[in-house]
């Protein structure tokens, strides 16, 4: 379905996330993976999608001097936005527990940005999904953390895992966005945007 794009560009996915890589496979988008270590530091004045837009574009910067004419690099970033602050990936079990305890019984927003960079152009898009959690017991939170070790996930949970199955009462917006990549927006951009 994206034949014109894939004839023009070799796509590089700059993400170590198994979920994002699987999404590309499922969409039948041919890609290679290339990663650079990027220190994800941003100005604390940034809010919501300003943060994910900045970090997504930051991840693309190391490619500036090495991209070939026929290469397109795709980078992305996801945060959980709750009570006017960004929740990234937890550093340890204690931080994971505190995140999930605070999210319990409340709604939060999952914000993802995707950046598309070629030698001559760059674009960034984003999507926002609202997620409503039921109240969790401490036992449920500890079971989830001990079983799934969600330390590589923004907000310390995966909607496609046990906690998502038993705890999400409602979502408003795109489901795949909560897993880290808003697929309809990704697909539409690759299909329709002239890069």
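Below, the figures for the structure above:
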{"item": "Criterion violated by residue 146 - all others in (1) modelled with pLDDT of 95 or more; (2) part of a helix (DSSP H, G or I); (3) crowded, with 17+ Cβ neighbours inside 10 Å satisfied", "result": "(3)"}
{"item": "Which numbered condition residue 40 fails, given (1) modelled with pLDDT under 95; (2) under 21 Å from residue 164 (Cβ atoms); (3) touching a helix residue (DSSP H, G or I) at 6+ places or on another chain (Cβ under 9 Å)", "result": "(2)"}
{"item": "Count of the stretch 2-26 residues which are farther than 20 Å from residue 70 by Cβ and either touching a residue at least 40 places away in the same chain (Cβ under 8 Å) or not in a helix (DSSP H, G or I) (or both)", "result": "6"}
{"item": "Residue in the stretch 140-161 that is out of contact with any helix residue (DSSP H, G or I) (no Cβ under 9 Å at 6 or more places or on another chain) and farther than 24 Å from residue 29 by Cβ present", "result": "no"}
{"item": "Lone qualifier among 58, 67, 100 - being at pLDDT 95 or above, on the phi < 0 side of the Ramachandran plot and assigned to a loop (DSSP other than H, G, I, E, B)", "result": "67"}
{"item": "Matching residues in the stretch 131-143 - criterion: being in a strand (DSSP E or B) and either buried (at least 22 other Cβ atoms within 10 Å of the Cβ) or free of Cβ contacts under 8 Å to residues at least 12 places away in the same chain (or both)", "result": "131"}
{"item": "Residues located in the stretch 161-194, provided they are over 12 Å from the mean Cα position of the chain (by Cα), assigned to a loop (DSSP other than H, G, I, E, B), in contact (Cβ under 8 Å) with a residue 24 or more places away in the chain and under 24 Å from residue 14 (Cβ atoms)", "result": "174, 193"}
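The values are calculated or read from the model by the stated rules, or taken from the named source; none is laboratory data. Quick caveat: nothing in here was measured; it's all calculated off a predicted structure. Methodologically, a virtual Cβ is constructed for each residue, glycine included, from the backbone with ideal geometry; neighbour enumeration extends over all protein chains shown.
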